[in-house]
1. Give the residues of the stretch 222-240 that are β-branched (V, I, T) and crowded, with 22+ Cβ neighbours inside 10 Å, sorted by residue number.
2. Within the stretch 299-318, track down each residue that is open to solvent by 40 Å² or more (accessible area, probe 1.4 Å), in a helix (DSSP H, G or I) and in contact with a Phe, Trp or Tyr (Cβ under 8 Å, 6 or more places away or on another chain).
3. Determine which member of the set L104, L150 is open to solvent by 20 Å² or more (accessible area, probe 1.4 Å) and among the aliphatic types (A, V, I, L, M).
4. Taking F276, is it among the aromatic types (F, W, Y) and open to solvent by less than 20 Å² (accessible area, probe 1.4 Å)?
5. Counting only residues that are farther than 14 Å from A185 by Cα and part of a loop (DSSP other than H, G, I, E, B), which one in the stretch 204-221 is nearest to the chain's Cα centre (by Cα)?
6. Give me the pairs: first residue in the stretch 100-129 and more than 15 Å from P87 (Cβ to Cβ) and of a type in the set (D, E), second residue open to solvent by 50 Å² or more (accessible area, probe 1.4 Å) and in a loop (DSSP other than H, G, I, E, B), beta-carbon distance under 9 Å, and six or more apart or on different chains, which are they?
Amino acid sequence: MKAVRFHEFGGPEVLRYEDVPDPQLRKDQVLIRVRACALNHLDLWVRKGLPGVKLPHINGSDVAGEIAEVGEYVRDIRAGQRVLLVPMVFCNRCPQCTSGQQSLCRAFTVLGNGVDGGNAELIAMPVFNVVPIPDSLTFEEAAAVPLVFLTAWHMLVSRCHIRPGQTVLVLAGGSGVGSAAIQIAKLFAATVIATAGDDEKVERSRQLGADHVINHYQQKISDEVRRLTNRELCDIVFEHVGAATWEHSMRSIKPGGCLVTCGATSGPDAKFDIRFLFARQLSFLGSYMGNMGDFHQVMQHIFSGRLKAVIDTTFALKDAAAAHRHLENKEQFGKVVLKV
């Protein structure tokens with residue numbers, strides 16, 4: 001089969017479109033003919049070099065396609081079905097997995113990080129990772145939803161227990177996870193303040209449902225939050241940017257509110273005054289991917305049309321390097337998708 005691999009860490013130029021051996025299907029697995037695979041910032045970090053990544057490596061967490069073959073032990077699913085993949089790998093045996101906390105499994109990793117992913121024509125996965133999709137979703141739309149909607153749902157619903165009427169600040173609303181967070185917060189009837197980096201992203205964030213949008217290159221986020229909320233500030237701050245926005249994020253939380261974070265795209269070093277944390281009785285929450293329950297809950301809203309994939313651009317698989325550059329340059333609003 002054809003795949004995009006890299007044999008050394010580095011920039012987009014290390015990505016090679018080349019022939020690789022077809023996956024060997026186990027009896028408990030399903031072979032997927034990949035039709036689309038979306039990019040995430042994780043793909044950039046893995047390509048640049050993360051601990052535990054074995055070379056050569058195939059990126060790609062978000063996969064949609066058709067079932068090409070099923071293993072001997074697989075039931076209730078057949079060749080030809082249109083499916084997407086749950087982008088998580090876990091043991092499915094430990095106490096964490098069997099209690100529904102898969103992201104706490106010691107063997108947990110993200111598809112395309114600790115194991116080869118979907119930037120290829122074929123991929124073999126356990127049957128519990130395979131979810132049939134309705135005909136109303138294109139392969140590109142299906143590939144654009146798994147990782148970011150799972151992450152945003154786990155952050156807002158499972159970790160923060162979002163409630164109607166709350167005010168939510170979403171950093172970088174034009175990112176994949178940010179565009180998902182805007183929609184999920186509005187699903188819960190929250191007031192959403194989003195940030196964006198240019199006029200086009202400001203307008204598209206409003207179209208997604210944001211009640212207010214701050215241009216984070218032209219306006220001071222925490223000052224604008226204070227003005228927009230009449231000094232009340234926010235119940236939830238949805239963070240994934242890191243060092244560049246951390247101070248503004250902290251200053252935007254009302255007493256008793258929470259900050260939830262899943263990433264640090266601008267850098268991992270964040271400092272704060274501990275007295276600020278305890279005096280205001282704030283909650284700082286970490287969140288990493290999600291659990292199978294989260295995934296199936298959010299997919300119900302995707303399949304019903306209440307939540308929608310946001311696609312910026314599609315590239316052919318052989319043009320993966322150009323797709324990486326597009327994402328790295330922060331040119332996108334929503335998801336960048338590779339067509340296979």
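The values are calculated or read from the model by the stated rules, or taken from the named source; none is laboratory data. Computed from a prediction, not measured in an experiment: that's the story for all the values here. Positions of Cβ are generated from backbone atoms using ideal geometry, with glycine treated the same way; all protein chains shown enter the neighbour counts. Calculation scope for accessible area: heavy atoms of the full protein, side chains included, ligands and nucleic acids excluded. Shrake-Rupley method; radii C 1.70, N 1.55, O 1.52, S 1.80 Å.
1. V225, I236, V237
2. K318
3. L104
4. no
5. Across the stretch 204-221, the extreme among qualifying residues is H216.
6. E121/D22; E121/V340
To keep it simple, each residue is scored yes or no on (1) part of a loop (DSSP other than H, G, I, E, B); (2) under 22 Å from the mean Cα position of the chain (by Cα).
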{"site": "D223", "(1), (2)": "no, no"}
{"site": "F238", "(1), (2)": "no, yes"}
{"site": "E247", "(1), (2)": "no, no"}
{"site": "F278", "(1), (2)": "no, no"}
{"site": "Q281", "(1), (2)": "yes, no"}
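Residue by residue, here is whether (1) part of a loop (DSSP other than H, G, I, E, B); (2) at pLDDT 95 or above; (3) open to solvent by less than 30 Å² (accessible area, probe 1.4 Å) holds:
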position: A264; (1), (2), (3): yes, no, no
position: L285; (1), (2), (3): no, yes, no
position: M289; (1), (2), (3): yes, yes, yes
position: G293; (1), (2), (3): no, yes, no
